[in-house]
Amino acid sequence: MLAGKVITIGVTGGIAAYKAAWLVSNLAGLEAEVHVMMTRSAKAFVSPLTFQVLSGHPVRTGLFTAGEDAPIPHVEMAARSDLLVIVPATANIIGKVAGGIADDLLSTTIMAATCPVLFCPAMNVNMYRNPVVQRNLAMLRELGYHLAEPEVGRLACGTEGRGRLPEPEIILEQIKDILSRAGDLSGMTVLVTAGPTREPLDPVRYITNRSSGKMGYAVARAASRRGARVILVSGAVGLEPPPGIKLIPVETARQMFDVVMEQFPTVDMVVKSAAVADYRPKEMAVQKIKKNENNLILELEKNPDILFELGRRKGRQLLVGFAAETGDVEENALSKVRHKNLDLLVANDVTLPGAGFGADTNIATLVYPDGTVIPLPKMDKLSLAHRILDEVLTLRRARNIL
Ligand code: CTP
């Protein structure tokens, strides 16, 4: 699958630069067309000649170096590449990209790239833990760059901790994953719902829940990156919408119901990660409710179940639901997936550490109507989003919808 793919490797100045040599050699062995760019500091660690021999192509090092072939190398390489891999990625290049700085060949190439970009950070544990670096990494994630998480282990400086470049075999697997997913949803429309709903009590108060919207936004981002047209119907959250998607903000369950039903006939799949309030106050007070009484009794009435209604109406669309459970996860999930006529239910036990509301990671179990149950390990929400989309694509292929 790598044959003929143009992969540009950006090597920056860290001791792990030698591992990039293994990667280049293996990618070239798998018949990818590999080009290497090195920053000035990278040349202090590995000779450009090493990469030139391993890749079979001249190594580019400068923006304006006379004698190098392309007149505008950063634009040309950015346009030609199917993937850019920054390995190792120092705190410096991470900070430059997060800050919008483009002052050398590699940073300008990243700035000009429209293909996926994978950063493989490697540095001393204290540098990695530095809040500035963490903020910059979060920014890169937010902007849609891929990250290979560094591993815990012995570092070149003699200390132990997180900051080690993952083994090149692991980076190679991630490269294959990214390339196999690139564009595999093109031509499809994906409707994603995210975040909580707010059910008003009076003009200043509402009932809501703990949903952060992170999971739904990760699905929207992943689907968009894979070429889908994405409609994101979102309750109130404090997240930046991923670039290039259509955002429809809503507040209440009934508003979400109306928007989703209107969009449904035009979409190929729905991923319903919103935490919809099952009940709403029966009446919304026109004036602010005053604290006159010692007890206040609120009467609630049922909201429509959006997902159930989609299950009732669905034709060729595939439906993915979510279930936040606090016990008997499999049993509850299996009855939900069947009752709501879903194709897949992503269940998670929100009482586990590292799962559910507000967290950046999730521990999910995939549940299918035929009773298949696949427990997944803890993973970040973007990886889970990709995994869910992989599953839906497999279902589409199995049903010959593609
Ligand atoms: N959902 C929905 N409309 C609702 C309630 C839930 O579309 N009024 C969707 C959610 O977006 C989610 C799925 O249904 O994808 C599961 O929600 P959950 O609250 O776990 O399930 P319920 O069927 O409401 O069951 P319960 O609250 O009793 O666990």
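Rule-based calculations on the coordinates, nothing more; no lab input. From a predicted model like this one, the values you see are computed outputs, not experimental measurements. Note: ideal-geometry Cβ built from the backbone for every residue, glycine included; neighbour counts use all protein chains shown.
Here are some notes:
- Phi-based couplings in Hz for region 4-11 (Karplus 6.51, -1.76, 1.60; Gly and Pro marked x): x, 6, 8, 10, 9, 9, x, 9
- Under the Karplus curve 6.51 cos²θ - 1.76 cosθ + 1.60, θ = phi - 60°, whole-Hz ³J(HN,Hα) for region 20-35, x wherever Gly or Pro sits: 5, 5, 4, 5, 4, 4, 5, 5, 5, x, 8, 6, 6, 8, 9, 10
- Built amide H within the under 5 Å cut-off of Gly153, gap 5+: Gly161, Arg162, Gly163, Arg164
- For region 149-205 and region 107-144, distance of Cα centres in Å: 12 Å
- Other-chain or far-sequence residues with amide H under 5 Å of Phe322's (modelled H): Lys272, Val346
- The relative contact order of region 189-398 comes to 20 percent, based on Cα pairs under 8 Å that sit 6 or more residues apart.
- Computed [θ] at 222 nm, helices only, for the chain once each DSSP H run of length n ≥ 4 contributes -39500 (n - 2.57): -10000 deg cm²/dmol
- Within region 189-398, the proportion of C-alpha pairs whose separation exceeds 21 Å stands at 53%.
- This ranking places Asp343, Asp380, Asp278 by how few other beta-carbon atoms lie within 10 Å of each, fewest first, which gives Asp278, Asp380, Asp343.
- Cβ-derived FRET efficiency at R0 51 Å, Ala398 paired with Asp103, nearest 0.05: 0.55
- Note on Phe308 and Met139: with the Förster distance fixed at 30 Å, the Cβ-Cβ geometry gives a FRET efficiency of about 0.20.
- Comparing mean-square fluctuations of Leu319, Leu389, Leu298 from a GNM of the chain with C-alpha springs under 10 Å, the top value falls on Leu298.
- The relative contact order of the chain comes to 10 percent, based on Cα pairs under 8 Å that sit 6 or more residues apart.
- DSSP-loop trypsin sites (Lys or Arg not before Pro) across region 290-346, with at most 12 other Cβ within 10 angstrom: Lys290, Lys291, Arg316
- Rounded to the nearest 20 debye, the dipole size of the chain about its Cα centre is 480 debye, using +1 on the Cβ of Lys and Arg and -1 on the Cβ of Asp and Glu.
- Of Leu143, Cys157, Leu179, farthest towards positive along the dipole that unit charges on Lys, Arg, Asp, Glu beta carbons give region 139-184: Cys157
- Residue-wise HN-Hα coupling along region 40-52, computed from phi with Karplus coefficients 6.51, -1.76, 1.60 (Hz; x: Gly, Pro): 4, 5, 4, 5, 6, 9, 9, 6, x, 4, 4, 5, 4
- Calculated over the chain: convex hull of Cα atoms, volume per residue (Å³): 170 Å³
- Look at the alpha carbon pairs under 8 Å that are at least 6 residues apart: their mean separation over the length of region 12-83 gives a relative contact order of 30 percent.
- Comparing Met256, Leu345, Ala20 along the charge dipole axis of the chain, the residue lying farthest to the positive side is Met256, per the Cβ-charge model.
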